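What follows is a set of notes on a single structure, which appears directly below.
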Amino acid sequence: MIGAIIGDMVGSLYEGNNIKDKRFFFLTKYSLPTDDTIMTIAISKALCDCQDISMDSEYFDEMLYKACINRMVSYGKQYPDVGYGGRFKKWLNASDRKPYESYGNGSAMRVAPVGWFCDSLEDTLRVARITALPTHNHPEGIKGAQAVSAGIFLLRTGKTKEEVKQYISDTFGYDLDRRIDDIRPSYTFHVSCQRSVPEAIIAFLEGTSYEDVVRTAVSIGGDSDTIACIAGSLAEVIYPIPAEIRKSAAENLSAYQMITNSDLIYYNSTVLPKKNKSLGEQKFDIRNNVKREICLCTEDGRKIVTNIKWNRKIRADETLIVTKGFGRSLFMMSKAEFVRFNEMLMSIGFGAREQKLLKKIFIEEEVEVIADAEGQVMIPSWLLEHAEITSEAVIKGVGDFAQVWSGSEEIDFVGGIEELRIRLMLQAALVEVGKV
């Protein structure tokens, strides 16, 4: 998956400016992710969404299909200007999204995570098909996704390049006996699976290292970022990605604030443990220290107009805790502040019944939210419903503690944990007085 992302970044400079040579600047400060990367991450997130659903369940296929749509739309709207095709853009912005019989290579460019998801080739082909169907339901579109994911699965389960070549040729009818030196001179821009996926696979078959595979893929010309993305997704299974390449890619991603560690959870938690240990691969870490003003969004990526009355800024990948608050509000705080919050609640002089109720409301129903590169955090629908937040919200806070409520409401603001402690202690005292 990281191999696909880096391949995309390398190829991005040369898609509109083809270089028919393997000698070129590999990664520069202008090498950025395109739609290939963003949709690859979207599919990885959809797979994460469905990891706890048994593939034997009658609901699995439907749930994954819906998750793919939700994640592609969410990421597509979060990153609207990364090079999507015209038909895919229309699909993203449609109110009634339906497959549009595409046989473009978009299905193959985003499928890398699937090759690491399943325990059998049969299931890999099944899941690849599902990830293609929301947009690329043409047989060639499905075939492209299945060929790439099958190649990844076969390589990671010990098959040789020759065995992978034979399987893909026999199963999908791709001509993989050609040579890059013969393809390169006359090859032009093609976005169909049938005119770009085989070429990417041949680049992988000919390459002798991760870098050589990507250089070979870019040197073909045409849709350079996608061909390098696909070839790179195969190459990373059997070749180590050099540390200096990983470092350069991570620095670019950090500098341009495009994706964060939270976008790479699937790679670090699912792909990495399945990689051959001899490759020496480490967790892919994007260090991102730029702080931004916090903003809220819904589970489907819709931004909530947020009136900020909180001086605190937030880093990409920073985790905050959100709980139900007083009345129709939410409490939001840092993880360290939540520890203090917890200790404070347990120190109030309520009886056992009241303590249990406090714990249920404020502690047991807490959720962790992670900020993206833009400082945006996704609030679960059930918490938004509790606070009756639909399109507008207010965030007002002191230090590491804030209260969130609907923009159409007026509430009694709690000015931090200490003020909350005093209010609760007063309430506890009143309860005791009532008992006398």
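List of remarks:
- Restricting attention to the stretch 81-100 and to residues that are part of a loop (DSSP other than H, G, I, E, B) and without any contact (Cβ under 8 Å) to a residue 12 or more places away in the chain, the residue that is least open to solvent (accessible area, probe 1.4 Å) turns out to be A94.
- Being within 24 Å of K143 (Cα to Cα) and under 22 Å from the mean Cα position of the chain (by Cα) is a condition met by no residue of the stretch 20-33.
- Check on S248, buried (at least 18 other Cβ atoms within 10 Å of the Cβ), under 30 Å from V377 (Cβ atoms) and either at pLDDT 95 or above or not acidic (D, E) (or both): yes
- Leading residue by the ranking (nearest to E392 (Cα to Cα)) among those in the stretch 274-304 that are buried (at least 17 other Cβ atoms within 10 Å of the Cβ) and of a type in the set (A, V, I, L, M): I304
- Breaking point among (1) of a type in the set (D, E, K, R); (2) over 24 Å from S196 (Cα atoms); (3) buried (at least 20 other Cβ atoms within 10 Å of the Cβ), for E15: (2)
- In the stretch 103-153, residue farthest from F88 (Cα to Cα) [restricted to those that are open to solvent by less than 10 Å² (accessible area, probe 1.4 Å) and hydroxyl-bearing (S, T, Y)]: T124
- Considering the conditions (1) small (G, A, S); (2) surrounded by fewer than 18 Cβ atoms within 10 Å (Cβ to Cβ); (3) touching a residue at least 60 places away in the same chain (Cβ under 8 Å), S57 is excluded by exactly one of them, (3).
- M1 being under 27 Å from L155 (Cα atoms), at pLDDT below 95, surrounded by 15 or more Cβ atoms within 10 Å (Cβ to Cβ) and not polar (S, T, N, Q): yes
- Boolean, N261 is open to solvent by 30 Å² or more (accessible area, probe 1.4 Å), in contact (Cβ under 8 Å) with a residue 12 or more places away in the chain and touching a strand residue (DSSP E or B) at 6+ places or on another chain (Cβ under 9 Å): yes
- Meets criteria (over 20 Å from the mean Cα position of the chain (by Cα) and among the polar types (S, T, N, Q)) for S107: no
The values are calculated or read from the model by the stated rules, or taken from the named source; none is laboratory data. Nothing here was measured: the structure is a model prediction, and the numbers come from that model. Please note: Cβ atoms are built from the backbone with ideal geometry, for glycine as well, and neighbour counts cover all protein chains shown. The protein model used for the area step is the full one, side chains on, heavy atoms only, and it has no ligands, DNA or RNA in it. Shrake-Rupley method; radii C 1.70, N 1.55, O 1.52, S 1.80 Å.
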